[in-house]
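Working notes, structure below.
The values are calculated or read from the model by the stated rules, or taken from the named source; none is laboratory data. All values reported here derive from a predicted model rather than from experimental measurement. FYI the Cβ positions are ideal-geometry reconstructions off the backbone, even for glycines, and counts take in every protein chain you see. Just so you know, the surface numbers come from the protein's heavy atoms only, side chains and all, with ligands and any DNA or RNA stripped out. Shrake-Rupley method; radii C 1.70, N 1.55, O 1.52, S 1.80 Å.
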Amino acid sequence: MARILVTEKIADPGLDRLREAGHTVDIQVGLSPEELIATIPGAAALIIRSSTQVTDEVLAAGTDLVMVGRAGIGLDNVDLEAATRRGVMVVNAPQSNTLSAAEHTMAMLLALARNIPQACAALRQGRWERSQWNGVELADKTLGVIGLGRIGTLVAQRAMAFGMRLVAYDPFLSVERARQLNVELLDLDELLQQADFVTLHLAKTPETIGMLDAKRLAAARPGLRIVNVARGGIIVEDDLADAVRSGHVAGAALDVFASEPTTESPLFDLDNVIVTPHLGASTTEAQDKAGDVIADMVLLALAGDFVPFAVNVEAAEVPETVRPYLGLADDLGRIFAGLVGDNTPALEIEMCGQIAEHDTRLLALSAQKGFFGAVTGQPVSYVNAPQIAEQQGIELRTVTCTDPVDYLSRITLSGGGHSVSGALVGLQHVPKVVGMDDHTVDITVASHMLVIHNRDVPGRIGFVGGVLGEAAVNIEDMNVGKNPSGEGSLMVVTTTQSTPPVVVEALRKGEGIESVRSVG
C-alpha cells in the first residue's frame with residue numbers, strides 16, 4: 001500500500017482510517033523546507049494544514065506524489081499551478097471549519113466591542129479598570145461583510161441575531177441572494193464609509209492581497225473596527241497599525257497575518273488590537289471533520305476514483321449514472337492510443353445516450369487520461385490531462401448527444417482516421433468494445449488486445465489462431481467485426497498475455513493481412 005506523509009497535526013480518527021485501509025502514515029511534524037524536500041520522495045500523498053509550504057521544488061522531489069491534501073480551506077501555501085503541471089491533485093476540506101471560523105469571528109467581534117482581552121489582562125496584573133475599557137454595543141451598528149461565501153453568510157446570520165444592520169461587498173453574489181439574506185450589497189469603498197464594524201471573509205488571491213491599504217483605510221468611516229479571520233495579507237498590517245495609532249480606526253481583531261507563524265508585528269504593541277494565532281479552525285469538531293474529510297479524499301485518490309473536493313480538476317462531482325463509465329472511458333482512451341498512436345491532430349470524445357443528460361466532463365478527462373498515459377508513457381491524471389493535450393498540440397473536442405443509440409449509453413473516441421466505441425452491457429455492466437474503425441464488434445475490454453485489419457477471404461481466422469498458438473499466446477476471445485457492407489474485414493483478439501513483437505510481425509506477413517496493432 002501507499003506511504004502518506006503528514007507534516008502537521010491532524011486529528012487521529014482520520015489518520016486511523018488511513019492505517020486501517022493498509023496505508024503507512026508517516027507523521028513528521030515541523031520539517032524545514034529542506035527536510036521536506038528530502039523526506040517527500042516515495043510518498044503518494046502529502047497531508048498538510050496552513051504552515052507547510054508546498055512549492056514547485058517540493059512537488060518536483062515528490063516523484064510518486066498523487067495528491068496534496070489540505071486539512072482546511074485556504075490553499076495559499078500550495079503552488080497550484082506547479083501541482084497541476086505535474087499532475088498532482090490538490091484537495092481541501094471546504095466545509096470542515098466553516099462553523100468554527102464563523103464562531104471565532106463572532107468571538108473576536110464581541111471581544112473587540114467590549115475590550116475583553118485587555119480588561120482580563122489588566123485585572124490579572126492587579127488593576128481594576130472599569131472606566132478605561134468602556135465598550136460599545138453591537139445592536140443597531142452596521143456590520144460590513146466583505147465576502148459572503150459560506151463563512152461570511154454564517155457570520156451575517158449570527159450578527160443579525162444581535163440586531164446589527166448588514167451590508168456586504170461580494171461581486172459574485174446576486175442581488176436576489178443578498179435580499180434573501182437581508183443584506184444590502186454595496187461597493188467596497190461605500191461599505192467602508194458606512195460600516196461601524198468590518199469582517200473579512202475572502203480567499204488570498206493576487207486581487208485581494210493588500211485590499212485594505214492606507215488609502216482605503218483613510219477613506220473609511222472614522223471609528224471603524226476591523227475583524228479578520230480569513231487570510232493574512234489582505235490587510236496591509238503596517239498601514240492598519242498607523243490607522244489605529246492615529247485613532248481613525250478604533251480597533252482591530254486579527255487571527256491571521258501576512259507571514260505565519262509570527263511573533264512580531266507592529267500591531268502587537270497596540271492596546272486596542274486583539275490578536276490570536278490563527279485559531280479560526282482550532283476546535284475539536286473542526287479538526288475531526290477536516291481529518292475525516294481529507295482521509296476520505298486520500299483514499300479515493302489513491303484508489304484512482306473521482307475526488308469531489310479536488311480544486312485543480314476541471315469537473316464537478318460525478319453523477320451516479322456516469323460513475324460506472326469512468327473505467328470504460330479510461331480503457332477506451334488506452335485502446336484508441338494503440339490504434340492511432342500519437343499520430344492524430346485531434347481527439348474527439350463523443351458521449352451519447354443516458355450519460356449525455358448529466359455532467360460528462362470527468363468522463364472526457366478519463367478518456368484523455370487513458371489516451372495520453374498510453375501515448376506519452378508519463379504519469380497522467382485527471383489534473384494534467386488537458387495540459388498534456390496542449391503540450392502535444394492535440395485539439396480536444398467533446399460532443400454529447402441524447403439521441404437513442406443501440407445501448408443505454410455509448411462512448412466513442414475518434415481522430416486520425418480511427419475510432420473506437422464502448423458501452424456497458426447487461427445487468428453486470430460488462431465493459432465492451434462495440435465499434436472500431438467503422439466496424440461493428442462485440443468483445444469484452446481486456447488488457448491485451450490485437451486489432452487486425454484484413455481482406456475478407458477464407459482462412460484468415462485460422463491463420464491468426466495458428467500463429468498465436470505456435471507462439472504459446474493464449475486467445476481469450478475473438479470477434480470478427482462487420483463493416484457497413486457486411487464484410488468481416490476486421491478481427492479483434494483478446495489474449496491472456498502481451499503478444500511479443502516478433503509474433504505481431506509474423507501476423508503482419510500473412511496473406512490478406514493489412515495491418516496488426518497490439519493494444520495494451
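Table for the structure above
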{"quantity": "Carbon plus sulfur fraction of accessible area for segment 204-294, probe 1.4 Å, in percent", "calculated": "51"}
{"quantity": "Solvent exposure ordering (accessible area, 1.4 Å, most first) of 395, 129", "calculated": "395, 129"}
{"quantity": "Whole-number accessible area per residue in Å² for segment 183-258, which is evaluated in the context of all protein chains at 1.4 Å", "calculated": "38"}
{"quantity": "Alpha-carbon centroids, segment 227-275 and segment 426-494: separation in whole Å", "calculated": "71"}
{"quantity": "Two-decimal Rg to Rh for segment 1-142 - Kirkwood Rh, Cα set", "calculated": "1.18"}
{"quantity": "Computed lengthening from residue 114 to residue 474, 0.36 nm per intervening residue step minus Cα-Cα distance", "calculated": "121.4 nm"}
{"quantity": "Sparse-neighbour loop sites [trypsin sites (Lys or Arg not before Pro); segment 381-490; at most 13 other C-beta within 10 Å; DSSP]", "calculated": "455"}
{"quantity": "Charge dipole of the chain about the Cα centre (unit charges at C-beta), most positive-ward option of 50, 181, 346", "calculated": "181"}
{"quantity": "Cubic angstrom per residue, convex hull over Cα atoms of segment 349-433", "calculated": "110"}
{"quantity": "Accessible area expressed per residue, segment 9-78, with surrounding protein chains retained (probe 1.4 Å, Å²)", "calculated": "43"}
{"quantity": "Unit Cα scatterers, Debye sum, segment 323-479: log10 I(q)/I(0) for q = 0.09, 0.11, 0.15 Å⁻¹", "calculated": "-0.30, -0.45, -0.81"}
{"quantity": "Alpha-carbon Rg with Dmax, taken over segment 429-507, Å", "calculated": "12.4, 36"}
{"quantity": "Computed accessible area, residue 453, all protein chains, 1.4 angstrom probe, square angstrom", "calculated": "30"}
{"quantity": "Accessible area (Å², per residue) of segment 397-464, counting only protein heavy atoms and a probe of 1.4 Å", "calculated": "49"}
{"quantity": "Relative packing of peptides 413-422, 276-285 - highest average C-beta neighbours within 10 Å first", "calculated": "413-422, 276-285"}
{"quantity": "Heavy-atom accessible area order for 63, 205, largest first, 1.4 Å probe", "calculated": "63, 205"}
{"quantity": "Rounded to the nearest 20 debye, dipole of segment 236-334 from Cβ charges on Lys, Arg, Asp, Glu", "calculated": "240"}
{"quantity": "Rh by Kirkwood over Cα pairs, then Stokes-Einstein D for segment 312-373 at 0.692 mPa s and 37 °C, µm²/s", "calculated": "274"}
{"quantity": "For segment 38-103: Kirkwood Rh in Å [reciprocal of mean 1/r, alpha carbons]", "calculated": "12.2"}
{"quantity": "Accessible area in the full protein assembly, largest first, 1.4 Å probe, for 401, 352, 120", "calculated": "120, 401, 352"}
{"quantity": "Label-point separation, residue 320 to residue 438 (7 Å along Cα→Cβ), nm", "calculated": "4.2"}
{"quantity": "The chain - mean residue ellipticity at 222 nm from DSSP helices (-39,500 (n - 2.57) per run, n ≥ 4, rounded to 500)", "calculated": "-9500 deg cm²/dmol"}
{"quantity": "Spatial extent of the chain: Rg and Dmax, with the Cα atoms as the point set, Å", "calculated": "30.2, 107"}
{"quantity": "Rg/Rh ratio calculated on Cα atoms of segment 1-54 (Kirkwood radius)", "calculated": "0.95"}
{"quantity": "Accessible area of residue 388 in the full protein assembly, 1.4 Å probe (Å², nearest 10)", "calculated": "10"}
